[in-house]
Amino acid sequence: MQAGFATNDLVNGSAPLIQVSGLVKHFGGLRAVDGMSMALRRGEMVGLIGPNGAGKTTLFNLIAGALKPTSGEIRIADIEISDEGPEKRIGRGVGRTFQIPRPFPEMTVLENVLTGAQNQSGERFWMNFVGTGRVAAEERAALEKARALLDFVLLAKLQNEPARVLSGGQRKLLELARILMADPEVVLLDEPAAGVNPTLLEFIIDRVRTLNGQGKTILLIEHNMEMVARLCGRVVVMAAGKLLTEGTPAEVSRHPAVVSAYLGGVA
Amino acid sequence: MILDLMAYGAFFLTMALTYAIICLGLNVQWGQTGLFNVGIAGFVAIGAYVSALLTTPDAPGRFGGFDMPIAIGWLGGALATGFATFLVGALTIRLRADYLAIATFGVAVAVQLCVLNLEPVTGGPFGISFIPRPFASVAGNPSLFSALNLAVLAAIVILLYLALERLARSPWGRVLRAIREDETAALALGKNAVRLRLQAFAIGGAIMGLAGATQAHFIGFIAPDNYMPTLTFQVWAMLIVGGSGNNRGAILGAVVVWGIWAVSASAVSTVFPTEQQARAASLQIVMIGAALCAILLLRPRGILGEVRMFHRVGPATGNDQPPDPPVNEPLHAEKP
């Protein structure tokens with residue numbers, strides 16, 4: 001499949017969950033993302049690959065709201081949200097992890113996960129004095145969910161440790177649990193396998209597959225092609241800020257432009 | 001003799017507790033949220049002047065006073081300062097820490113110059129006197145007077161401590177700490193960092209205003225010279241010495257540093273001849289600076305340090321969980 005708006009027509013008549021159209025992001029003279037278009041359907045798991053400097057993480061940051069596009073459009077569930085701040089994305093059902101994990105280091109592992117809880121009355125300071133019953137009930141429910149998520153990522157035993165003591169791989173799992181606490185419909189995973197030992201990598205692959213099986217839509221940036229091939233039904237390839245091609249893992253790995261890009265021909 | 005000592009002790013503790021209130025306000029802003037407020041003196045001044053204007057009798061040639069009850073003055077001082085802090089925060093809260101520090105310092109200087117020059121409202125350099133003192137009817141009995149004032153200040157500090165502890169352990173406090181540790185990650189979790197920081201800034205400011213009001217009524221007189229940058233320095237020293245991020249540390253730091261201040265003042269008046277004492281008073285700041293250095297070297301997180309907020313709601317799942325560590329374990333506690 002050649003570059004273009006290949007996924008627009010794959011949605012059985014409904015709008016894609018995330019649709020990016022003609023997205024451009026300049027950093028001074030650098031066009032990090034240069035007219036990128038892609039779509040993500042509800043329930044699918046898509047790999048986003050490309051050589052270093054292709055613009056993957058910038059695209060990720062644009063979709064996650066951490067950067068504002070220079071031009072172009074981002075739609076989530078057919079609502080244009082290009083200029084909304086990053087704190088609004090969770091409300092739109094989009095959660096993200098970071099390439100280099102960003103735990104709250106001095107907070108406990110459990111607190112880190114609890115921070116992901118949404119619509120907590122107790123986050124309005126006055127409710128901690130006038131609505132204590134409601135706050136306590138929500139907090140109990142949040143604790144139960146947070147502990148279940150820590151079980152899911154095998155960090156339950158470390159729940160009372162400060163997050164700074166976790167290894168790199170454990171931090172990635174903590175970030176995953178933290179964002180799942182918000183129960184997003186779409187999870188943007190930025191290199192979840194980077195720097196992770198093979199045993200933990202298998203575990204992460206299993207957890208990501210489980211999440212997708214539970215209905216989460218997943219966009220995965222990853223350099224580990226084996227992981228992408230095992231998890232993703234569709235792969236989007238970027239180079240020099242543009243969509244290079246998309247297709248199944250087998251299709252893109254054979255695509256001459258992809259081979260050329262990874263060998264330095266395009267990027 | 002014993003009664004005199006007790007009266008002095010009560011007077012000393014009462015003054016220390018007024019600083020403890022300021023320190024608790026700073027702890028909300030800096031200890032919990034990481035907001036670098038270097039304009040403390042200005043916010044304390046607003047509370048003091050508003051309360052003085054509300055509670056003093058009508059004064060010819062000056063706006064007010066309104067002769068209201070002291071409690072109304074304290075409440076008004078806190079609310080007015082909270083509102084002023086909110087306005088300052090709305091303009092500056094997005095600034096990086098160092099720029100916020102410069103902006104708040106500028107606000108404090110502006111407030112100090114305003115109270116110095118707005119003579120029809122603030123009394124200008126002469127300040128406002130005859131501010132009603134709580135329990136003034138027993139002022140003839142210094143011991144009882146001091147003890148009652150101390151009881152009132154202690155009650156305020158205890159109530160504030162309990163309220164702030166509740167907030168620190170609440171989801172609101174948790175999100176504030178998350179924003180302080182990594183704002184980008186907190187934003188990605190849907191937390192409105194600007195709104196929460198602004199709330200913390202205004203709450204901290206209101207507490208500082210309350211402290212200014214109580215101090216004004218305890219002393220009975222206020223003037224612009226009371227609100228110089230030295231006050232800001234003292235309060236910062238108190239919080240760092242006691243333990244930033246720890247409400248108990250904020251109170252302890254206020255008592256310790258105020259103790260150093262009082263002892264050094266006494267030493268200066270004893271050691272130096274009268275004509276040298278004004279100049280020698282600078283040694284008080286030197287002593288606080290030395291104490292600050294010693295604390296930073298020996299206990300970088302302060303005497304008590306920040307506590308980790310463990311959750312005590314409900315049991316952990318599974319049978320193989322390690323036992324919960326003790327609540328309020330200092331962050332710098334060594335693992336067994």
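The mean sequence distance of close C-alpha pairs (under 8 Å, at least 6 residues apart), as a share of the length of chain B, puts its relative contact order at 28 percent. FRET efficiency for the pair B:LEU5 and B:ASP67, taken as 1/(1 + (r/R0)^6) with r the Cβ-Cβ distance and R0 = 30 Å, rounds to 0.25. Per residue, chain A reaches -9500 deg cm²/dmol at 222 nm when only DSSP H runs of four or more residues are counted, each adding -39500 (n - 2.57). The mean number of partner chain beta-carbon atoms within 10 angstrom of a residue's beta-carbon across peptide A:138-146 is 3. When both region B:224-263 and region B:123-189 are represented by their alpha-carbon centers, they are found 13 Å apart. Charge dipole (Cα centre; +1 on Lys/Arg Cβ, -1 on Asp/Glu Cβ; no other charges) of region B:12-229 amounts to roughly 620 debye. Hey, in the GNM for chain A with a 10 angstrom Cα cutoff, which one of A:GLY133, A:GLY29, A:GLY85 fluctuates hardest? Of A:GLY133, A:GLY29, A:GLY85, the Gaussian network model singles out A:GLY29 as fluctuating most. In terms of other Cβ atoms within 10 Å, A:SER121, B:SER266, A:SER253 run from fewest to most in the order B:SER266, A:SER253, A:SER121. For region B:9-33 and region A:133-201, what is the separation of their C-alpha centers, rounded to whole Å? If we compute the Cα centre of each part, the gap is 37 Å. For chain B, take the longest principal axis of its alpha carbons; what is the angle in degrees between that and the long axis of helix B:193-219, to the nearest 10 within 0 to 90? The two axes meet at around 30 degrees.
If you plug the beta carbon distance of A:GLN214 and B:LEU298 into 1/(1 + (r/R0)^6) with R0 = 41 Å, you get a FRET efficiency near 0.20. Here the residues A:PHE27, A:PHE203, ranked from fewest to most Cβ neighbours within 10 Å of their Cβ, fall in the order A:PHE27, A:PHE203. When B:CYS293, A:CYS232, B:CYS114 are arranged by Cβ crowding within 10 Å, least crowded first, meaning fewest neighbours, the order is B:CYS293, B:CYS114, A:CYS232.
Rounded to the nearest 10 degrees, the inclination of helix B:70-92 to the longest alpha-carbon principal axis of chain B is 60 degrees.
Against chain B, whose longest principal axis is taken from its Cα atoms, helix B:171-181 shows a tilt of about 90°. For region B:37-88 versus region A:44-81, the inter-centroid distance based on Cα atoms is 51 Å. Remark: mean inter-chain Cβ contacts per residue of B:218-226 equal 0, using a 10 Å Cβ-Cβ cutoff to other protein chain atoms.
Between B:ASN117 and B:ALA290, the contour length at 0.36 nm per residue exceeds the alpha carbon distance by 58.8 nm. Assuming R0 = 41 Å, can you tell me the calculated FRET efficiency for the pair B:SER129 and A:THR132, based on Cβ-Cβ distance, to the nearest 0.05? After rounding to 0.05, the efficiency reads 0.40. Here the label points at A:THR248 and B:ILE102, each 7 Å from Cα along the C-beta direction, are separated by 6.0 nm in the simple model. Just checking the listed ones, B:ALA206, B:ALA108, B:ALA59: in the Gaussian network model of chain B with Cα springs under 10 Å, the one fluctuating most is B:ALA59. Peptide B:44-55 has a mean of 0 when you count, residue by residue, the C-beta atoms of other protein chains within 10 Å of its C-beta. Placing a pseudo-label 7 Å from each Cα along the Cα-to-Cβ vector at A:ARG164 and B:THR184 gives an inter-label distance of 1.9 nm.
Here the dipole of region A:136-261 is about 100 debye; that uses its Cα centre as origin and unit charges on the Cβ of Lys and Arg (positive) and Asp and Glu (negative).
Model label sites at B:ALA90 and B:ALA154, defined 7 Å from Cα along the beta-carbon direction, differ in position by 4.1 nm. Note on chain A: GNM, Cα springs under 10 Å; of A:GLU222, A:GLU144, A:GLU175, the largest mean-square fluctuation is that of A:GLU144.
Can you tell me the relative contact order of chain A? Whole percent, Cα pairs under 8 Å, sequence separation 6 or more. It rounds to 27 percent for chain A. When restricted to Cα atoms, region B:12-229 yields an Rg and a Dmax of 17.9, 61 Å, respectively. For the protein assembly as shown, the percent of C-alpha pairs falling in each 20 Å distance bin, counted from 0 to the bin holding the largest distance, reads 18, 42, 27, 12, 1.
Bear in mind these aren't lab numbers, they're just calculated from the coordinates by the rules spelled out. Bear in mind that the values here come from a model prediction, so they are computed numbers and not experimental data. Glycine gets a Cβ as well: all are built from the backbone with ideal geometry, and neighbour counts include every protein chain shown.
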